[in-house]
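Here the structure comes first, spelled out in structure tokens, and everything after it is commentary.
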Number of protein chains: 4
Amino acid sequence: MGNDSCSIDTTIKANDPELVSKSARPEGTIVDVNGIKIGGKEIVIMAGPCAVESEEQLSKTAASVRAAGASLLRGGAFKPRTSPYSFQGLGKEGLEMLERAGTETGMPVVSEVMDTRQVETVARYVDMLQIGSRNMQNFPLLKEAGRSSLPILLKRGMMATIEEYLNAAEYLLSQGNTQVVLCERGIRTFESSTRYTLDLNAIPVLKQRTHLPVIVDPSHGTGNRSLVPAMSKASLAAGADGLLLEVHFRPEEALCDGSQSLYPEDFGMMMRDLGKIAEAIGRSIHVL
Amino acid sequence: MGNDSCSIDTTIKANDPELVSKSARPEGTIVDVNGIKIGGKEIVIMAGPCAVESEEQLSKTAASVRAAGASLLRGGAFKPRTSPYSFQGLGKEGLEMLERAGTETGMPVVSEVMDTRQVETVARYVDMLQIGSRNMQNFPLLKEAGRSSLPILLKRGMMATIEEYLNAAEYLLSQGNTQVVLCERGIRTFESSTRYTLDLNAIPVLKQRTHLPVIVDPSHGTGNRSLVPAMSKASLAAGADGLLLEVHFRPEEALCDGSQSLYPEDFGMMMRDLGKIAEAIGRSIHVL
Amino acid sequence: MGNDSCSIDTTIKANDPELVSKSARPEGTIVDVNGIKIGGKEIVIMAGPCAVESEEQLSKTAASVRAAGASLLRGGAFKPRTSPYSFQGLGKEGLEMLERAGTETGMPVVSEVMDTRQVETVARYVDMLQIGSRNMQNFPLLKEAGRSSLPILLKRGMMATIEEYLNAAEYLLSQGNTQVVLCERGIRTFESSTRYTLDLNAIPVLKQRTHLPVIVDPSHGTGNRSLVPAMSKASLAAGADGLLLEVHFRPEEALCDGSQSLYPEDFGMMMRDLGKIAEAIGRSIHVL
Amino acid sequence: MGNDSCSIDTTIKANDPELVSKSARPEGTIVDVNGIKIGGKEIVIMAGPCAVESEEQLSKTAASVRAAGASLLRGGAFKPRTSPYSFQGLGKEGLEMLERAGTETGMPVVSEVMDTRQVETVARYVDMLQIGSRNMQNFPLLKEAGRSSLPILLKRGMMATIEEYLNAAEYLLSQGNTQVVLCERGIRTFESSTRYTLDLNAIPVLKQRTHLPVIVDPSHGTGNRSLVPAMSKASLAAGADGLLLEVHFRPEEALCDGSQSLYPEDFGMMMRDLGKIAEAIGRSIHVL
């Protein structure tokens, strides 16, 4: 910043791990998820339900997000739940539904893997493996996923510093997998009016320090659907390469995180606004 | 959100204090700072140095921010500093310089007041009183400022919840002063890659809960000038009614917070980008 | 630690401000509050109601804490309250009651001052000035109190780092007042099962870095009377020089913070346990 | 608290999960680790190196902690490290060393398991399985460990609320394993003078809400050996049933966390002080 010769350059030059650091690939990495390119000029929208619940729920939600401009379909089959008595996901059956919904709509699919023993199975059904916030420092899982040939969506730990986050990504790259997308999803702070504090500062910080693409999950980050449109627009304006959004065809019946899931019609309206922000910053939303 | 009759409305309906709550004035409040209107369709940019240091520093910085599109001039004469041995501001002399710079450039001026005994004096020189983050719960100061006829810029405490913030504003309104602008400026979290964690979630949350205008200070919020453009754009996209920015004609010589102050030329470039974001959301930047 | 010649000494040697740093007075400071010595071998218990509410409430509570072994009487006359509509304290009338209760019981009294304009008045009635958590960085107040000849109880800001805390104390010492007692009272974190997170780590950290006495306020720190006995014992075991405790003769009728106020009989029982902990660490509780 | 009939009872009555909640077993659970009973009147000290590094390091450290009064030997064979390039532990070879050192000294051993695929293997060598802070919400691991017949040491996540912590323990109990010990080890806050903020408030809070034994790890909690003695004493005074401590025969040569490891002679001195605190609260330190 600044073209004065005696300027103080405040661009962050941390001693980041080798493979993820910006200097390793100053031009940036483009991650290819079955043809969808993340990290380029086009912004990629991933949307879908928090959890796969049924054939109907998934196919209706998938069709609506596809129609509104999403490029990737998300949906959890293995769900990390605070309580052992909460719905834990449909497992392999959920993965099968997800694969079918992806094929029907032409969208690549992304789903979470929580256990080293599941990596191979999940990898057979999805186009991108997601490692969730609670597993950001599950090092055996990082190593196992890093050995997979699939691209990986690595969410930031809700209590992880940027430095720890970059080191977690380094675990993946150190196993040979270079197709990693980072995702800010809210950190834990004293503020309780939002479920987490979505830390948009992480976007420009990560962009300065690493060559990996950076997306944002405002659904988990805020925990409140009424805040998602504002934070989605802000994420793009701050430089995010994409968004991960929860949409449910009937949020009031969702088995998981209904209060943060957008209604399909709200998602559609929001997509139009996001298109305008993208244009204002010289980018565009990827369309299938 | 959602036009389904059985939708779960997640819009926040907290039990907020009476005078500041959205329901007290659903149409929103427009604060008038000597003719500059904050809280309407136009976005207002306040800029200037962290501290008034000299006639030259202030007049050169003021002229440059005026030329680039700022509408209000900021500058601290009484500075809250962590150490008693740091530069504490020029005091009354600084206020005089600020008043002159405002008159010369045609910009209303805003400056911080830290002591109940200073309110009257500061009010003679400025167009808007600022109450800083460390004084957000300095209740005698809130009461004294609330009795002033000047508009007030109340910054969020770095440790304050939204609920406490609204209660602090209620102190001002309860004294009869309705001309209050709120300002998110970063909260304290475990993350150390930024000086504070600028909490943009506060923008839509405050917009749902209060009728008062909301602006953002990305300079203090990040503590790093290289992050200011991204976070400024994000603030507008999230719905902020204005920005409070630090600009210094020579940041490397600043007596206070130089690393977060923009160079005038960077400020100018950023203003052009902000104009595009404003347009994308159907607003515009106020110009003098 | 360690008598090995090649040991790594982990004792903290921060670049702390000059007057408060341990090296300025390695033998430690003893603060004398009208004959009660804080910072020596004897542990000092300060107790009383959060707020002075009435002659009866204060005199009954004072008598009971005196009987159970407290040496100083606390009681707020000017109360910093989140809401402008909450009880704000009895003001000067409360100070008069406090002075009388102190005289009757033979206990020095401590009370909070919130406004630079009140310092002189409060100082006429009390033996020790308290600066509360929300005013830890109210620099004009620190300067004004630092010019007083009374000893000062400076509470840690609920979001202040140890470094900032020591700098706040430096403000007091730089004005010539060396009689300063520090008080850990809980910091703000994500954990919500306690009102704040009482940070007992601050005790040994402060003891390594400064010569000033350190006490703890487990009443505000936890916000829950059922946790006060355990945290009081732990504070002494960690090296605190005293405790600041809320006791109310009828907590269920308290105008302020009743749920964290001890019943007199619980306070009495706790004092016996504290005596045993004090003995176990080679100290004793000061008795009048 | 309080014997007044109209007292406000502030004892915490949260809606905690069924199996771990205090009401399920008001008399408390005693966990038996190969004859060592945790949760009774006797306080149990677990000590040893952070990581097993060599036969010599382990056997010398084990002998010294045994001599000074520790009852259980700790030592990591699989280490969760922030960077993929840091020492990751000796794996199975480390477990073999640990088993031998346990046999030689007559101490049961505890070691961390990080991967669902390792549970069976680790269980063959140790007397108690440890689940680390970063895996507190690794739900597949909790389920797998819960199916083991070994007692489990479940550390609190550095970002976990008490409620989430109790739910994580519920995962273990819901699989049939009732032998679970909880361990506070520091949470992440804004304060940077300690590595984490050891949250001793968690001790009385957990004691009110669950029947499971609670111990504390002041080594990780503070990250600084000079703070360990004060925080260990405070932990016992607050009601902890035991301590988990890092001791290394040569901390300056440790491959992991040397700055928080006690020298054997410091550990010995501290044990004598801990005995006095235990006595003051009517308990004693278990000796082999």
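The values are calculated or read from the model by the stated rules, or taken from the named source; none is laboratory data. These numbers come from a predicted model, not from an experiment. Cβ coordinates were reconstructed from backbone atoms using ideal geometry, including for glycine residues, and neighbour counts include every protein chain displayed.
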Mind checking whether some residue in segment A:134-153 is facing chain D (nearest Cβ under 10 Å) and either at pLDDT below 95 or within 30 Å of B:Arg225 (Cβ to Cβ) (or both)?
-> yes
Return the total of residues in segment D:227-267 being acidic (Asp, Glu) and crowded, with 22+ Cβ neighbours inside 10 Å.
-> 3
First in segment A:18-36 and closer than 28 Å to A:Tyr125 by Cα, second anywhere and assigned to a helix (DSSP H, G or I) and charged (D, E, K, R), Cβ under 7 Å, 6 or more apart = A:Val20/A:Glu170
Among the residues of segment A:209-226, the number that are surrounded by fewer than 24 Cβ atoms within 10 Å (Cβ to Cβ) and facing chain B (nearest Cβ under 7 Å) is 2
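On the basis of being farther than 30 Å from D:Met269 by Cβ and of a type outside the set (S, T, N, Q), does D:Met97 make the cut?
Details: farther than 30 Å from D:Met269 by Cβ: no; of a type outside the set (S, T, N, Q): yes.
When the stated conditions are applied, D:Met97 does not pass them.
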Can you work out which of the residues in segment C:16-40 that are surrounded by fewer than 20 Cβ atoms within 10 Å (Cβ to Cβ) and within 14 Å of chain B (Cβ to nearest Cβ) is farthest from C:Thr161 (Cα to Cα)?
-> C:Glu18
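Every residue, every condition in (1) surrounded by fewer than 24 Cβ atoms within 10 Å (Cβ to Cβ); (2) of a type in the set (A, V, I, L, M, F, W, C), yes or no:
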site: C:Tyr85; (1), (2): yes, no
site: C:Gln88; (1), (2): yes, no
site: C:Glu99; (1), (2): yes, no
site: C:Met107; (1), (2): no, yes
site: C:Glu120; (1), (2): yes, no
site: C:Leu142; (1), (2): no, yes
site: C:Ala169; (1), (2): no, yes
site: C:Glu184; (1), (2): no, no
site: C:Ile187; (1), (2): no, yes
Number of the exception - B:Leu198 against (1) surrounded by 24 or more Cβ atoms within 10 Å (Cβ to Cβ); (2) under 24 Å from B:Asp127 (Cα atoms); (3) in contact with a Ser or Thr (Cβ under 9 Å, 6 or more places away or on another chain) = (2)
State yes or no: is A:Glu120 farther than 20 Å from A:Ile30 by Cα and either within 19 Å of the chain's Cα centre (by Cα) or touching a residue at least 60 places away in the same chain (Cβ under 8 Å) (or both)?
-> no
In segment D:89-105, anything among the charged types (D, E, K, R) and either at pLDDT below 95 or closer than 19 Å to D:Ala63 by Cβ (or both) is listed as D:Glu96, D:Glu99, D:Arg100, D:Glu104
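Each row is one residue, and each column tells you yes or no for (1) out of contact with any strand residue (DSSP E or B) (no Cβ under 9 Å at 6 or more places or on another chain); (2) over 24 Å from B:Gly186 (Cα atoms); (3) not aromatic (Phe, Trp, Tyr).
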residue: C:Lys155; (1), (2), (3): no, no, yes
residue: C:Ala160; (1), (2), (3): no, no, yes
residue: C:Gln179; (1), (2), (3): no, yes, yes
residue: C:Cys183; (1), (2), (3): no, yes, yes
residue: C:Arg188; (1), (2), (3): no, no, yes
residue: C:Ser193; (1), (2), (3): yes, yes, yes
residue: C:Val205; (1), (2), (3): yes, yes, yes
residue: C:Arg209; (1), (2), (3): no, yes, yes
residue: C:Leu227; (1), (2), (3): yes, yes, yes
Condition test on C:Gly76, is it more than 13 Å from C:Ile285 (Cβ to Cβ) and either within 16 Å of the chain's Cα centre (by Cα) or surrounded by 24 or more Cβ atoms within 10 Å (Cβ to Cβ) (or both)?
-> yes
Out of (1) in contact with a Lys or Arg (Cβ under 9 Å, 6 or more places away or on another chain); (2) away from chain B (no Cβ under 14 Å), the odd one out for C:Gly89 is which?
-> (2)
For segment C:157-182 the number of residues that are within 9 Å of another protein chain (Cβ to nearest Cβ), touching a residue at least 24 places away in the same chain (Cβ under 8 Å) and of a type in the set (S, T, N, Q) is 3
Please give the helices (runs of 4 or more DSSP H) falling wholly within segment D:102-215 in which 1 or more residues are over 30 Å from C:Ala202 (Cα atoms).
-> D:119-125, D:139-146, D:162-174
In segment A:35-68, what residues are out of contact with any His (no Cβ under 8 Å at 6 or more places or on another chain), of a type in the set (A, V, I, L, M) and more than 22 Å from A:Arg225 (Cβ to Cβ)?
-> A:Ile38
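Would you mind finding the one in B:Asp266, B:Asp257, B:Asp241 that is more than 7 Å from chain A (Cβ to nearest Cβ) and either small (Gly, Ala, Ser) or out of contact with any Cys (no Cβ under 9 Å at 6 or more places or on another chain) (or both)? I'd like the intermediate steps shown before the answer.
Numbers: B:Asp266 fails: more than 7 Å from chain A (Cβ to nearest Cβ); B:Asp257 fails: either small (Gly, Ala, Ser) or out of contact with any Cys (no Cβ under 9 Å at 6 or more places or on another chain) (or both).
None of the other options fit; the residue is B:Asp241.
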